[in-house]
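Notes for the one structure printed next.
A short reminder: the numbers here are calculations on the coordinates, not readings from a lab. Everything numeric here is computed off the predicted structure, so don't read it as measured data. Cβ placement follows ideal geometry from the backbone for every residue including glycine, while neighbour counts extend to all protein chains displayed.
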Amino acid sequence: MQKTALVTGGAGFLGSHLCDYLLERGYYVIAMDNLYTGRKQNLAHIDSPNFEFREQDIIRPIEVEQNLDEIYNLACPASPPQYQKDPIFTWKTSVFGTYNAIELARKKGAKFLQASTSEVYGDPKEHPQKETYWGNVNPVGIRSCYDEGKRAAESLIFDYICMHQVDAKIVRIFNTYGPRMNPADGRVVSNFVVQAKNNEDITIYGDGSQTRSFCYYSDLIEGFYRCMQTDQDFHGPVNLGNPTEFTVKELAEKVLSMTETQSKIIYKDLPSDDPKIRKPDITLAKEALNWEPKIPLEDGLRNLIEVGLN
Ligand code: UDP
């Protein structure tokens, strides 16, 4: 029988790719988005009777008439400049939004997958980060609306698992990139690629020695799906990310070497609370999901530069 999935944040970068993935697998897909950072153009290519889009903010209670088999809760601005623009809205999206989404899962008896984040580890003192690490998060800094919002969402989901036996799973997403990132959203990969293509200065914040581990979107989407298909007794949280670590300066040099550009590197102030290091330990994802990323940064970047962000 055809399964029905709700994807909140369905018009976003990852949400729209997840809609494609589920449609290819024969699902009926409802994409829900308030279009705050999501864009309708990310879904414009879909022409399917198995698809519908609903413009709705998950801060308000969600009502869906259909039976739902799976709810993927991806709705939340995820780029630091975007989520810091209106931090109260970000917090509400994470906390009230997750409450509304998991309430719907409880009512419908649907499986639930939460898009959590490596930001729950804050500026980590453990490296690489395992799921057992509790993190080093500033509760009152400029990133707190997102970090603490996502942490509160994780704890709420575990309360629903314990009190209402909701079949919920949590994935912690590490930096992910690919086509359909908003070119203006301010994240490092999109900024560097756009800057190089436009022959503008490549803006490194700080001295560029901070590290990130970059996962190509298609690897991540596969991880979402595999996690959703796990048994009722698996909840995670499970890290999903590419464990190959780069400094931001190395990323800038890679983008420069892969584009014919006159761009030069310039240095700007490092934003406060910017994590110095980040790299997932993916032992659990390998064991529980039989998942690991396949696309190295060079290949993903080459594809992104060729195809473009949009
Ligand atoms: N960054 C940078 N230049 C930019 C955008 C970001 O040097 O134009 C840095 C940022 O300070 C951080 C890293 O790149 O250290 C990753 O930033 P991003 O916003 O992509 O994601 P984060 O992992 O910080 O949430």
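Gap in Å between the Cα centre of the stretch 168-198 and the Cα centre of the stretch 1-35?
19 Å
With an 8 Å cut-off on Cα pairs and a minimum separation of 6 or more residues, tell me the relative contact order of the stretch 98-188 in percent. Walk me through the numbers on the way to the answer.
On the way: 89 pairs, mean separation 35.1, N = 91.
RCO, the stretch 98-188: 39 percent.
Treat the count of other C-beta atoms within 10 Å as a stand-in for reagent exposure and order HIS235, HIS127 from fewest to most. Don't skip to the end; give the middle numbers.
Numbers: HIS235 18, HIS127 15.
Least to most surrounded, the residues fall as HIS127, HIS235.
Classify the stretch 20-109: rounded, prolate or oblate, from the alpha-carbon gyration tensor (a ≥ b ≥ c, eigenvalue square roots; a/c under 1.5 rounded; otherwise prolate if a/b is larger than b/c)?
Details: a/c = 2.34, a/b = 1.28, b/c = 1.83.
Oblate is the answer for the stretch 20-109, as a/c is 1.5 or above yet b/c matches or exceeds a/b.
Hey, in the GNM for the chain with a 10 angstrom Cα cutoff, which one of GLU148, GLU200, GLU245 fluctuates hardest?
GLU200
Where in the chain are the DSSP H helices whose C-alpha atoms run 30 Å or more along the long axis and whose mean Kyte hydropathy is at least -0.5?
Span-like helices here: 87-108.
By the scheme Lys and Arg +1, Asp and Glu -1, what is the net charge of all other residues having a beta-carbon under 12 Å from that of THR247?
+2
If you add up the charges near ALA184, with Lys and Arg at +1 and Asp and Glu at -1, over every other residue whose beta carbon is less than 14 angstrom from its beta carbon, what do you get?
Counting the neighbours of ALA184, the net charge comes to +3.
Which entries of LYS125/LYS254; LYS111/LYS249; LYS111/LYS150 show an alpha-carbon separation above 30 angstrom in the structure shown?
LYS111/LYS249
Around ALA153, with a cut-off of 12 angstrom between Cβ atoms, what is the net charge of the other residues, counting Lys and Arg +1 and Asp and Glu -1?
Net of charged neighbours comes to -1.
5 Å is the cut-off here: which amide hydrogens, built 1.01 Å from N in the peptide plane, fall below it relative to ARG54, excluding neighbours closer than 5 in sequence?
Residues meeting the criterion, in which the H sits 1.01 Å from N, are ALA31, MET32, ASP33.
Starting from the Cα gyration tensor of the stretch 235-287, multiply each eigenvalue by 5, take the square root, and state the resulting semi-axes largest first in whole Å.
30, 16, 7
Between the stretch 219-272 and the stretch 50-121, how many Å separate their Cα centres?
With the stretch 219-272 and the stretch 50-121 each reduced to a Cα centre, they are spaced 22 Å.
Pop out the Kirkwood hydrodynamic radius of the stretch 215-255 from its pairwise C-alpha distances, inverse of mean 1/r, in Å to one decimal. Could you put the intermediate results ahead of the total?
Working: mean 1/r = 0.0812 Å⁻¹.
Answer for the stretch 215-255: a Kirkwood hydrodynamic radius of 12.3 Å.
Within the stretch 179-208, find all residues whose amide N lies under 20 Å from a label point positioned 7 Å from the Cα of GLU245 along Cα-to-beta-carbon.
188-189, 205-208
Amide H to amide H under 5 Å from THR4: which residues, 5+ apart in sequence or cross-chain, H placed 1.01 Å off N in plane?
Answer set, sorted by chain and number: TYR28, ASP69, GLU70.
Which whole-number percentage describes the relative contact order of the stretch 1-159, with Cα contacts under 8 Å and a sequence gap of 6 or more?
21 percent
Apply 1/(1 + (r/R0)^6) to the Cβ-Cβ distance of GLN41 and GLU260, taking R0 = 35 Å, and write down the FRET efficiency to the nearest 0.05.
0.80
Using just the C-alpha positions of the stretch 54-168 as equal point scatterers, what log10 of I(q)/I(0) does the Debye formula give at each q in 0.10, 0.13, 0.22 1/Å?
Log-scaled intensity ratios, in q order: -0.31, -0.51, -1.22.
In what sequence, highest mean first, do 29-35, 113-119 appear when ranked by Cβ atoms within 10 angstrom? Each step should come with its number before you reach the end.
Details: 29-35: 23.1, 113-119: 25.4.
Output ranking for 29-35, 113-119: 113-119, 29-35.
Sorted from fewest to most neighbouring beta carbons within 10 Å, what does the list MET258, MET181 look like?
Lowest to highest Cβ neighbour count: MET258, MET181.
Once every DSSP H run of n ≥ 4 in the chain is given -39500 (n - 2.57) and the sum is divided by its residues, what mean residue ellipticity at 222 nm do you get, rounded to the nearest 500 deg cm²/dmol?
-11500 deg cm²/dmol, from helical runs alone.
In which sequence would VAL307, VAL255, VAL188 go, from the one with the fewest C-beta neighbours within 10 Å to the one with the most?
Ordered by Cβ neighbours within 10 Å, fewest first: VAL307, VAL188, VAL255.
In 20 Å bins starting at 0, how do the alpha-carbon pair distances of the chain split up by percent?
Taking all Cα pairs of the chain, the binned fractions are 34, 59, 6 percent.
Please sort 94-104, 156-166 by packing, taking for each peptide the average over its residues of neighbouring beta carbons within 10 angstrom, highest first.
Sorting 94-104, 156-166 by mean packing, highest first, produces 94-104, 156-166.
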